[in-house]
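Engineer: The structure that follows is given in the form of structure tokens.
The values are calculated or read from the model by the stated rules, or taken from the named source; none is laboratory data. Keep in mind that what you see is a predicted model, and the values were worked out from it rather than measured. In this analysis, Cβ positions are derived from the backbone assuming ideal geometry, glycine residues included, and neighbour counts consider all displayed protein chains. Heavy atoms of the whole protein, side chains included, go into the accessibility calculation; ligands, DNA and RNA do not. Shrake-Rupley method; radii C 1.70, N 1.55, O 1.52, S 1.80 Å.
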Amino acid sequence: MASSSRVFSANLRKLSNFPIRRSLPEIPLTSRFFSVKSLFGSLRLNTNFRKFEYRTRASMAEIVTPQSKGKVQVFDAEDELAVSLAKYTADLANNFSKERDSFTVVLSGGSLIKSLRKLVEPPYIDSVDWSKWHVFWVDERVVPKDHPDSNYFLAYNAFLSKIPIPSGNVYAINDALAAEAAADDYETCLRHLVKSKIINQSEITQLPKFDLMLLGMGPDGHVASLFPSHPLVHENTKWVTCIKDSPKPPSERISFTLPVINSSAYIALVIAGASKANAVHAALGPDPSSDSLPVQMVSPEGELTWFLDMGAASKL
């Protein structure tokens, strides 16, 4: 086996120092759907939500669901969701950083990266200890890193280039390898980092236990590159796998498997937009369907929190 430096050479990406983007004016938020009697009041909706109980504060309502579904928060607008997500992420980062010298966070692609924008503004850009962050990807498209379809490219342009994270703490998937080889290479990287205690290890599964996994969801209910009814949803031996027949282009991708995803200490499912309302309803509605969608199979060892805007929650 090659030395660890050779193992990582393909996985580490040098980041340049970009000027910090300062905060933009916040947009006033008003609720179109919730009738709030007091700042810390409670409410029930007289529509399909009637089976759920809500707690609300300002422009956020929390749905009380069975514990297995996690904590569900619904926000008036995506901008308010982004504010809450930034605080949630920064608080976890600071808590883990006090316990040890690393905070391991896993990113997905899509609209999730846009929702992280408040982290690169005050107060978090200055208060977070970015030197302890170690960043990974839950999935990646088999394209060059500078390709518009690349999850790395998206995260770098909108997030990573704006924070002072050490270049050696960013573990990009090797875009010089074919899909299967890239998946094997990334799994080798993870195994080395578990052995060196950069990544925690689950006492239950012995799988890597990431501190925080930030996941989006597609309109069809897919998470990472695990799609409904695809055999890879049930992969339970590999840590990282590849898909060559993705129903959503590009066809070749690599992805963490569900057992690795579910070994996480914290998972945030960040879902915005009315196009995703059907899948959200399938997972969280009063009469949820069986666990047929990958998003319904997300069940971490630790804590699951859903961050929904009103569009995503519109069919609950």
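Engineer: Output the number of residues of segment 72-87 satisfying the condition of being open to solvent by 10 Å² or more (accessible area, probe 1.4 Å), farther than 24 Å from Gly285 by Cβ and under 15 Å from the mean Cα position of the chain (by Cα).
Structural biologist: The total comes to 1.
Engineer: Of these, Ser150, Ser202, which one is under 19 Å from Ser246 (Cα atoms), of a type in the set (S, T, N, Q) and open to solvent by less than 10 Å² (accessible area, probe 1.4 Å)?
Structural biologist: Going through Ser150, Ser202 in turn, just one is under 19 Å from Ser246 (Cα atoms), of a type in the set (S, T, N, Q) and open to solvent by less than 10 Å² (accessible area, probe 1.4 Å): Ser150.
Engineer: Can you go through Ser115, Ser97, Ser102 and tell me which one is out of contact with any Lys or Arg (no Cβ under 8 Å at 6 or more places or on another chain) and buried (at least 16 other Cβ atoms within 10 Å of the Cβ)?
Structural biologist: Result of the check over Ser115, Ser97, Ser102: Ser115.
Engineer: Does Gly221 satisfy the criteria of being of a type outside the set (D, E, K, R) and open to solvent by 10 Å² or more (accessible area, probe 1.4 Å)? Before you say what the answer is, go through the steps one by one.
Structural biologist: Working: of a type outside the set (D, E, K, R): yes; open to solvent by 10 Å² or more (accessible area, probe 1.4 Å): no.
Considered against the rule, which asks whether it is of a type outside the set (D, E, K, R) and open to solvent by 10 Å² or more (accessible area, probe 1.4 Å), Gly221 comes out as no.
Engineer: Tell me yes or no: at least one residue of segment 78-85 is touching a residue at least 40 places away in the same chain (Cβ under 8 Å) and within 24 Å of Arg191 (Cβ to Cβ).
Structural biologist: no
Engineer: Checking Asp185 against (1) out of contact with any helix residue (DSSP H, G or I) (no Cβ under 7 Å at 6 or more places or on another chain); (2) open to solvent by 50 Å² or more (accessible area, probe 1.4 Å): exactly one of these is not met. Which one?
Structural biologist: All conditions are met except number (2).
Engineer: Still on this structure, I have one more. With the structure loaded, tell me whether Gly218 is part of a loop (DSSP other than H, G, I, E, B) and on the phi < 0 side of the Ramachandran plot or whether it fails that test.
Structural biologist: Criteria met by Gly218.
Engineer: On to the next question. Hey, can you tell me all the residues within segment 283-316 that are at pLDDT below 90 and not assigned by TED's automatic domain parsing to the domain that holds Phe256?
Structural biologist: Hit for segment 283-316 is Leu316, nothing else.
Engineer: Of all residues in segment 97-119 being assigned to a helix (DSSP H, G or I) and under 17 Å from the mean Cα position of the chain (by Cα), which is nearest to Pro166 (Cα to Cα)?
Structural biologist: Restricting to residues being assigned to a helix (DSSP H, G or I) and under 17 Å from the mean Cα position of the chain (by Cα), the top hit is Leu119.
Engineer: For segment 129-139, which residues satisfy the criterion of being open to solvent by less than 10 Å² (accessible area, probe 1.4 Å) and in a loop (DSSP other than H, G, I, E, B)?
Structural biologist: Hit for segment 129-139 is Val138, nothing else.
Engineer: Identify the single condition in (1) open to solvent by 30 Å² or more (accessible area, probe 1.4 Å); (2) aliphatic (A, V, I, L, M); (3) out of contact with any strand residue (DSSP E or B) (no Cβ under 8 Å at 6 or more places or on another chain) that Val142 does not satisfy, given that it satisfies every other one.
Structural biologist: Evaluating Val142 over (1) open to solvent by 30 Å² or more (accessible area, probe 1.4 Å); (2) aliphatic (A, V, I, L, M); (3) out of contact with any strand residue (DSSP E or B) (no Cβ under 8 Å at 6 or more places or on another chain) leaves (3) as the failure.
Engineer: Of these, Asp185, Asp211, which one is within 19 Å of the chain's Cα centre (by Cα) and charged (D, E, K, R)? So that I can check it myself, show each step before the final result.
Structural biologist: Working: Asp185 fails: within 19 Å of the chain's Cα centre (by Cα).
Result: Asp211 is the single residue among Asp185, Asp211 that is within 19 Å of the chain's Cα centre (by Cα) and charged (D, E, K, R).
Engineer: Check Ser161 against each of (1) out of contact with any strand residue (DSSP E or B) (no Cβ under 7 Å at 6 or more places or on another chain); (2) open to solvent by less than 10 Å² (accessible area, probe 1.4 Å); (3) under 25 Å from Met60 (Cα atoms) and name the one condition it does not meet.
Structural biologist: Going through (1) out of contact with any strand residue (DSSP E or B) (no Cβ under 7 Å at 6 or more places or on another chain); (2) open to solvent by less than 10 Å² (accessible area, probe 1.4 Å); (3) under 25 Å from Met60 (Cα atoms) one by one, Ser161 breaks only (3).
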